[in-house]
Amino acid sequence: MIRIEYDPKKVSYERLLEVFWAIHDPTQFNRQGVNIGNQYRSVIFFHTEEQARAARKSYDVIAKEKGQALATQILEAVPFFMAEDYHQQYYSRKGVPACPIPPKSGGG
């Protein structure tokens, strides 16, 4: 799980959702490509009802585009705990490129 802190004056929650859907396959249950396990599940954790509504709305749009139900869950946020140091910055420590985030396409 990752935690994203953002400034809504600089980027909208809806834009974060767009990026979320674009950088992974939300149709795969507990996996992403060759990576398999619960730690690879697709989940949106919301903090407010406004975020929950936006997440559900975006889910419906993506499910319609893909023509199928998604494996992505939308759940109320739970307490976040940082992983151990050896899990931090894994890709940069190993010299492996991380998943690219697509460039901003209009609106904030």
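The values are calculated or read from the model by the stated rules, or taken from the named source; none is laboratory data. All values reported here derive from a predicted model rather than from experimental measurement. Backbone-built Cβ (ideal geometry, glycine too); neighbour counts: all protein chains shown. Side chains are part of the model used for accessible areas, which takes the heavy atoms of the whole protein and leaves out ligands, DNA and RNA. Shrake-Rupley method; radii C 1.70, N 1.55, O 1.52, S 1.80 Å.
From the residues in the range 6-15 that are in contact (Cβ under 8 Å) with a residue 12 or more places away in the chain and either more than 16 Å from residue 60 (Cα to Cα) or open to solvent by less than 50 Å² (accessible area, probe 1.4 Å) (or both), which one is farthest from the chain's Cα centre (by Cα)? Spell out the reasoning first.
Residues of the range 6-15 in contact (Cβ under 8 Å) with a residue 12 or more places away in the chain: 10-15.
Add one more test, that the residue is either more than 16 Å from residue 60 (Cα to Cα) or open to solvent by less than 50 Å² (accessible area, probe 1.4 Å) (or both), and what stays is 10-13, 15.
Details: 10: 18, 11: 15, 12: 14, 13: 12, 15: 11 Å.
Residue satisfying both the conditions and the ranking: 10.
For the range 65-72, check the following and say yes or no: at least one residue is among the polar types (S, T, N, Q), in contact (Cβ under 8 Å) with a residue 40 or more places away in the chain, in contact with a strand residue (DSSP E or B) (Cβ under 9 Å, 6 or more places away or on another chain) and assigned to a loop (DSSP other than H, G, I, E, B).
Kept after step one, since they are among the polar types (S, T, N, Q), are these residues of the range 65-72: 68, 72.
With the extra rule that they be in contact (Cβ under 8 Å) with a residue 40 or more places away in the chain, the set shrinks to 68, 72.
From what's left, in contact with a strand residue (DSSP E or B) (Cβ under 9 Å, 6 or more places away or on another chain): 72.
If we keep only those that are assigned to a loop (DSSP other than H, G, I, E, B) as well, we get 72.
Checking the range 65-72: at least one residue is among the polar types (S, T, N, Q), in contact (Cβ under 8 Å) with a residue 40 or more places away in the chain, in contact with a strand residue (DSSP E or B) (Cβ under 9 Å, 6 or more places away or on another chain) and assigned to a loop (DSSP other than H, G, I, E, B).
Return the only residue of 46, 29 being closer than 22 Å to residue 78 by Cβ, aromatic (Phe, Trp, Tyr), under 15 Å from the mean Cα position of the chain (by Cα) and open to solvent by 100 Å² or more (accessible area, probe 1.4 Å).
Working: 46 fails: open to solvent by 100 Å² or more (accessible area, probe 1.4 Å).
One residue alone meets the criteria, 29.
From the list 86, 6, 59, pick out the single residue that is aromatic (Phe, Trp, Tyr), out of contact with any strand residue (DSSP E or B) (no Cβ under 8 Å at 6 or more places or on another chain) and outside any loop (DSSP other than H, G, I, E, B).
Details: 6 fails: outside any loop (DSSP other than H, G, I, E, B); 59 fails: out of contact with any strand residue (DSSP E or B) (no Cβ under 8 Å at 6 or more places or on another chain).
Sole residue among the options that is aromatic (Phe, Trp, Tyr), out of contact with any strand residue (DSSP E or B) (no Cβ under 8 Å at 6 or more places or on another chain) and outside any loop (DSSP other than H, G, I, E, B): 86.
With (1) closer than 21 Å to residue 80 by Cβ; (2) in a helix (DSSP H, G or I); (3) not β-branched (Val, Ile, Thr) as the list, and residue 24 as the residue in question, which single condition is left unmet?
Among (1) closer than 21 Å to residue 80 by Cβ; (2) in a helix (DSSP H, G or I); (3) not β-branched (Val, Ile, Thr), the lone unmet condition for residue 24 is (2).
When you go through 19, 34 one by one, which is the residue that is more than 11 Å from the chain's Cα centre (by Cα) and either among the aliphatic types (A, V, I, L, M) or at pLDDT 95 or above (or both)? So that I can check it myself, show each step before the final result.
On the way: 19 fails: more than 11 Å from the chain's Cα centre (by Cα).
So the residue among 19, 34 that is more than 11 Å from the chain's Cα centre (by Cα) and either among the aliphatic types (A, V, I, L, M) or at pLDDT 95 or above (or both) is 34.
At pLDDT 95 or above and of a type in the set (Ser, Thr, Tyr) - does that describe any residue in the range 77-95?
The initial filter retains those residues of the range 77-95 that are at pLDDT 95 or above, namely none.
No - not one qualifying residue is present in the range 77-95.
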